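What follows is a short report on a single structure.
The values are calculated or read from the model by the stated rules, or taken from the named source; none is laboratory data. Here the structure is a predicted model, which is why all the values come from computation and not from measurement. Don't worry about glycine lacking a Cβ; one is built from the backbone with ideal geometry, like all the others, and counts go over all protein chains shown. In case anyone asks, the SASA skips ligands and DNA or RNA and just uses the protein heavy atoms, side chains included. Shrake-Rupley method; radii C 1.70, N 1.55, O 1.52, S 1.80 Å.
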Amino acid sequence: MGKRIVITVVGIAAMVTLAVGSLMAGPNRFGFSDRIERHMFPEVTTGPAEPAWSPDGQWIAFSMQGDIWKVPAGGGEAIALTQGPAYHFEPDWSPDGRSLALTMDVGGNLEIGVVSSEGGAVRRLANDAAVDLGPVWARDGLSILFVSSRNRGFDILRVSLADGAVTPVATGQGDQIQPAVSPDGATLAFVAPVRNKLGTGGIWTQPLAGGEATLLHYEESEYRMRPRWTPDGQALVYGSDERESNDIAMIATAGGNPFVVTPDLMGEFSPAVSPDGSRVAFISNHSGPMTLYTAPMPGGPRPSWTPVTIASRRMRAPSGRVRVQVLDSGGTAMPARVTVTASDGRSYAPDNGFARVMSITETHYFHTAGEFDVQVPAGQVTITAVRGVEYTPATTTVTVGEGATVPSVVRLARLANLPARGWYSGDTHAHDLHQGRFGLTHRWLFKQSLAEDLHVTNVLIHMDGMRLMGRWQDLTGEPIRESTSTHILQFAEEFRGSLGHIGLLGIKQFRLPLVGGAPNTPYAQVASDVPYLDDARAQGGIAGFMHPYLNRSDAPNGWAGSLIPVDVALGKGDFYDVNSVYSDELASAEMYYRLLNCGFRLAATGGTDNFPDVWRDPPPGTARTYAKVNSALSVPAWLSAIKAGRTFSTNAPVLTLTVNGQEPGAVLTQAGTLQISSEAISIAPFERLEIIANGVVAHRVSPTAGGLSAAFKGTVSLPEGGWVAARVVGGPHPYVGDSYVFAQSSPIYVEHNGRRFVSKADAAFLGEVVDAITVRALRGSWRTSAERDAFANELDQARAVYSRLAK
């Protein structure tokens, strides 16, 4: 039976406060910044990582597929020293060669441990609720130095093997990380911040007996330096990003200019010098996954490198293989996201694949083109395949015997076919290179989007600090050559200001600079969004607001970290990413509703903000936009649909809404009683389907079919006009890379006597938000008074808009 509700003029704060409940945004597993968790913390890899030479030079240890392995330095059979259920990383040989220190992911935390060089059980050390990682041996073999978060930031500590006593070694402001002990045991090298400089910091040295630390080298680093001593103690090798492609570099411990050991366009990481000083081991991502190499010291270009070939692998536990096909209903191989969980409780990925994990549920995954083969411990293996939100995820279980190869098929059936109705999914905010260790190319990037069934992927080139995240030459205004008629990837721009980030989609030329309000750079001054929003439109594209708000507030000052209310009041901006991993959907929705309640029209969209070359991150399309295209699919047609408001955003539910038979973006000219129809179907369970009218929950429907489906038919009365939208809210789920299930439609607008609805209460509140933004934005130094006055004029104009609306 239909339901009816009358909506009048109200503010929305009370409604949103009730709706938020216990749902919180928080995509990081350990509670640290995204950069720390994605770049500093160790990762599960399908190829070798963090190589370490044995003291006799005969073996190289490394981490791979969650275990510590050793392989002859010249290549051969790789022998696993550890096994599940824990994951193991960062090996370091003891001085006598009998043991290796390591980092382990066990019990929901990162700990350090020791294992025999012949393999066996791992002895856990320095067990603590804090994160411990990055172990290195003291030269006397009696203790291990490691990095710990026990004092909020990261410090370097020492644990005694005899009694487990933990003592500080290098502490201070910021993070002290990546320790390395000199060959004579007298000096510690490590990475720590450099005052008034960007990045992780520089390489410092400090006497272990006590004394002041000395800065040896600085560059704008991102947790990749990991210095290691040469055997003679005269130099350090480390990872360097000075050439915008991570290389192995070397610098004398007496100081001076560094030398690039591995000049290559792709990335090289984690150097380790052989005990005789003749060769350096490192990993390279030039083929995508990590590959182990050695090169003669002092290095040279790639032709001089020697691959350390892994001819075979000997796992500690009995193992077999599973050969999997992911098929559609017609039996055709289908690209998909896959999770393979073995009998030891760990997840595994194919050799030469890209192992990844979604932090919010710690769900491991990789992407496949449709067929793959993976080595796993013998026993029961569970395989789950997911493809976007229009296919029902499928799971199958097989039993793998020792030495056997078992075939398996996972079939994906359509849940919905939105392209058949003109609705195409896309991501307004994906990224490309982001200082990860996987060698990402256009082909690899497109494979990710195809497996997630993204029809339009906008990959935003930007700057992090003063480092370019992407390639200048990729911005062409045209799809990459790998694109097809149904799946398109095109590069765009993100402007990262200190008061919010702007996405410029469909553009052909950069609007520079790419950053504003960045301390310790030439662009430290607060920057206006307006030139960027205007330039996107001038180039025939659109611009909008990325990851709007991470927290809500009852106070106007709590919303003062973004220029969105200013920009929208000035008539700028075409879309608003309600769905995004790095914001809270319900908080962002609250501001979105306030803006709509002031008569502004803005499309609801979804943009993930993912880092596609790092392992700890959700895939593209985690937050996605569906736009209804009234012609053949193309980037301009898809962007035009967004500009017209024919959209909904989602991370799992497929959401439909009509008001008087009209879809989102439509404008009705007759206020009064409206006929509402809405439906939600989802790959992940949700808690409620809600009809939102003028910022108020007009109707709430609980789902059926195990929480996967809900529908509403009824009426809403808007005697003064306004807008109607729908949304879906749920909890976290392994299929979803964001904090909780959420979808939001753009509104259908309702005019009354030719006028747009305005909530005076919301206009007054947003006016106070602009006041708070003004205080924040205008403080500090400016290059010229003219620039400050121009910015202040924009703020004054926005304030005047809200003052007029509030009256």
Self-check item: Cα centroid separation - the stretch 111-126 against the stretch 158-176, whole Å
Solution: 19 Å
Practice problem: Assign one of three labels to the stretch 339-400, namely rounded, prolate or oblate, based on the Cα gyration tensor with a ≥ b ≥ c the square roots of its eigenvalues; rounded applies when a/c is under 1.5, prolate when it is not and a/b is larger than b/c, and oblate otherwise. | Solution: rounded
Quiz prompt | Under the span-like rule (Cα at least 24 Å along the axis, Kyte-Doolittle mean at least 0.0), DSSP H helices of the chain | solution = 760-778
Quiz prompt | the chain: relative contact order in percent, alpha carbon pairs under 8 Å with at least 6 residues between | solution = 11 percent
Quiz item: Which of (1) 85, 65, 61; (2) 87, 67, 49; (3) 82, 65, 54 is the computed Cα extents along the principal axes in Å for the structure on display?
Solution: (2)
Quiz item: Within the accessible area of the stretch 546-689, what % is carbon and sulfur when the probe is 1.4 Å and the other protein chains stay in place?
Solution: 47 percent
Quiz item: For the stretch 398-518, what % of the accessible area comes from carbon and sulfur atoms, probe 1.4 Å?
Solution: 52 percent
Quiz item: For the stretch 339-488, what size does the Cα cloud have along each of its three principal axes, sorted from largest down, in whole Å?
Solution: 51, 42, 29
Quiz item: To the nearest 20 debye, what is the magnitude of the charge dipole of the stretch 16-140 about its Cα centre, counting +1 on the Cβ of each Lys and Arg and -1 on the Cβ of each Asp and Glu?
Solution: 200 debye
Practice problem: Please work out the C-alpha center-to-center distance from the stretch 565-624 to the stretch 234-264 and express it in whole Å. | Solution: 40 Å
Self-check item: Between the stretch 29-57 and the stretch 58-80, the Cα center-to-center distance that results, in Å
Solution: 16 Å
Quiz item: Averaged per residue, what accessible area in Å² does the chain show with a 1.4 Å probe, protein chains only?
Solution: 35 Å²
Quiz item: What order do T476, T230 take when sorted by accessible area (1.4 Å probe), most exposed first?
Solution: T476, T230
Exercise. Set the Förster distance to 30 Å, then compute FRET efficiency between W782 and A213 from the Cβ-Cβ distance, nearest 0.05.
Key: 0.25
Self-check item: Loop trypsin sites (Lys or Arg not before Pro), the stretch 503-561, which have at most 16 other Cβ atoms in a 10 Å radius of their Cβ (DSSP)
Solution: K508
Quiz item: Measuring from label point to label point, each 7 Å out along Cα→Cβ, what is the N557 to K508 span in nm?
Solution: 4.8 nm
Quiz item: If packing is taken as the mean number of other Cβ atoms within 10 Å per residue, what is the order of 598-611, 81-94, highest first?
Solution: 598-611, 81-94
Quiz item: So how much slack lies between A792 and D140, counting 0.36 nm per residue of separation and subtracting their Cα-Cα distance, in nm?
Solution: 228.4 nm
Quiz item: If you roll a 1.4 Å probe over the stretch 233-338 with all protein chains in place, what percent of the accessible area is carbon or sulfur?
Solution: 52 percent
Practice problem: Give the percent of DSSP beta bridges with both residues in the chain that are antiparallel, rounded to the nearest 5. | Solution: 85 percent
Quiz item: Stretch R195-A333 to full length: gain in nm at 0.36 nm per residue minus the Cα-Cα span?
Solution: 44.3 nm
Quiz item: Largest first, how would S781, S483 line up by accessible area (1.4 Å probe)?
Solution: S781, S483
Self-check item: Under DSSP loop assignment and at most 14 Cβ neighbours within 10 Å, longest GluC sites (Glu not before Pro)-free interval of the chain
Solution: 403-807
Quiz item: Which of the peptides 247-254, 669-676, 234-241 is most tightly packed, and how do the rest follow, going by the mean number of other Cβ atoms within 10 Å of each residue?
Solution: 234-241, 247-254, 669-676
Quiz item: By its C-alpha gyration tensor, with a ≥ b ≥ c as the square roots of the eigenvalues, how is the stretch 413-548 shaped: rounded for a/c under 1.5, else prolate for a/b larger than b/c, else oblate?
Solution: prolate
Quiz prompt | Size of charge dipole - the chain - debye, nearest 20, with Cβ of Lys, Arg +1 and Asp, Glu -1, no other charges | solution = 1920 debye
Self-check item: By average C-beta atoms within 10 angstrom, highest first, the peptides 130-138, 344-352
Solution: 130-138, 344-352
Quiz prompt | Kirkwood Rh and Cα Rg combined as Rg over Rh, evaluated for the stretch 524-615 | solution = 0.97
